[in-house]
Number of protein chains: 2
Amino acid sequence: MVVRLGRRLIAMEEPILADHGISMWAYVALSGLEDGPTRTQAALASAIGADKTRLIPVLDDLQRRGLITREADPADRRVRLLGMTPAGRKLHAAVRADIRAAEEALLASAAEKDRAAFLAVLEALDQGR
Amino acid sequence: MVVRLGRRLIAMEEPILADHGISMWAYVALSGLEDGPTRTQAALASAIGADKTRLIPVLDDLQRRGLITREADPADRRVRLLGMTPAGRKLHAAVRADIRAAEEALLASAAEKDRAAFLAVLEALDQGR
DNA sequence: GTAGACCGTAGGCACATGCATACGATTCAA
DNA sequence: TTGAATCGTATGCATGTGCCTACGGTCTAC
């Protein structure tokens, strides 16, 4: 049941992401960067459950488009610190708003009082990390 | 967030399925057969969101192990009707019980009153199909 | 009677993913 | 100082998946 639900949610997100011209992993990476302080690539990969090697082209593209910054860390020359640009923040907010709206429509079939609970449980599970 | 949750749930299910010696798709197929009347392979594939061609070896294995039946439909000689055997039912029930228990443990971090609501919303979304 | 659609089956192709390896550069601990 | 670990980067391998094609057999509609 959960697998099927997950697939539906992903299928729902795909056209939204395409409209905004970004991939799912790009969106997830932006979300990860927004959630916390400036991060190393390894930390971001770990935080969003991505393979660090597969994340490279994603980050390359985001950087190329001016959505993230990627700067050497003076405290550790092996590391590149990632940050979001204002343009990145703006795009991310727009995508998230659209996705939220679509999720709301999907949840319309559920009782209204259950929705907040559903989201609360999702959050709790997510925090449990 | 949902993608991550889905991955966690799948990661949780994997050892349980391995303990019982069946694959995820086998379990999903058994669930699909249990949910409804005897089905054609095409209908089952559609119902569980599987690729019909990829389902063939799964069904082959289930049949070999005596967990499902697969019989010609006298009304349409192209078709093979699938059914569950008692052994299949038994295995499926055991796996499901274990998965439910593990899900309960996972949900333990959420407020108790929210759990029923969470499951209710999941069901509603699933019925929405 | 015929053409098109469907069933189950087998296999191919392109792509994504998890995991691994390897590298140069850097850092850290002994 | 040295060896091991880590970072980011690039690539390979095995596997899984979505989609497709093709086939023989069967069914349906005209």
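Counting only residues that are within 16 Å of DNA strand C (Cβ to nearest atom), over 30 Å from B:Ala116 (Cα atoms) and small (Gly, Ala, Ser), give me the helices (runs of 4 or more DSSP H) lying completely in the range A:38-120 with at least 2 of them.
The helices (runs of 4 or more DSSP H) meeting that bar are A:41-48.
Going through the range A:1-22 one residue at a time, which ones are more than 14 Å from every other protein chain (Cβ to nearest Cβ), within 14 Å of the chain's Cα centre (by Cα) and assigned to a helix (DSSP H, G or I)?
Correct list: A:His20 only.
Residue check, B:Trp25 against (1) away from DNA strand C (no atom under 16 Å from the Cβ); (2) open to solvent by 50 Å² or more (accessible area, probe 1.4 Å); (3) within 14 Å of chain A (Cβ to nearest Cβ), all met but one. Which one?
That leaves (1) as the condition not met.
Out of all the residues in the range B:5-19, which are surrounded by 12 or more Cβ atoms within 10 Å (Cβ to Cβ), in contact (Cβ under 8 Å) with a residue 12 or more places away in the chain and among the charged types (D, E, K, R)?
Correct list: B:Arg8, B:Glu13.
Go through the range A:34-91 and give me each residue that's within 14 Å of another protein chain (Cβ to nearest Cβ) and either more than 14 Å from DNA strand D (Cβ to nearest atom) or free of Cβ contacts under 8 Å to residues at least 12 places away in the same chain (or both).
A:Glu34, A:Asp35, A:Ala45, A:Ser46, A:Gly49, A:Asp51
The values are calculated or read from the model by the stated rules, or taken from the named source; none is laboratory data. These numbers were taken from a predicted model, which means no experiment stands behind them. Here the Cβ is made from the backbone with ideal geometry for all residues, glycine too, and neighbour counts use every protein chain on show. Note: accessible area is taken over every heavy atom of the protein model, side chains too, but ligands, DNA and RNA are not part of it. Shrake-Rupley method; radii C 1.70, N 1.55, O 1.52, S 1.80 Å.
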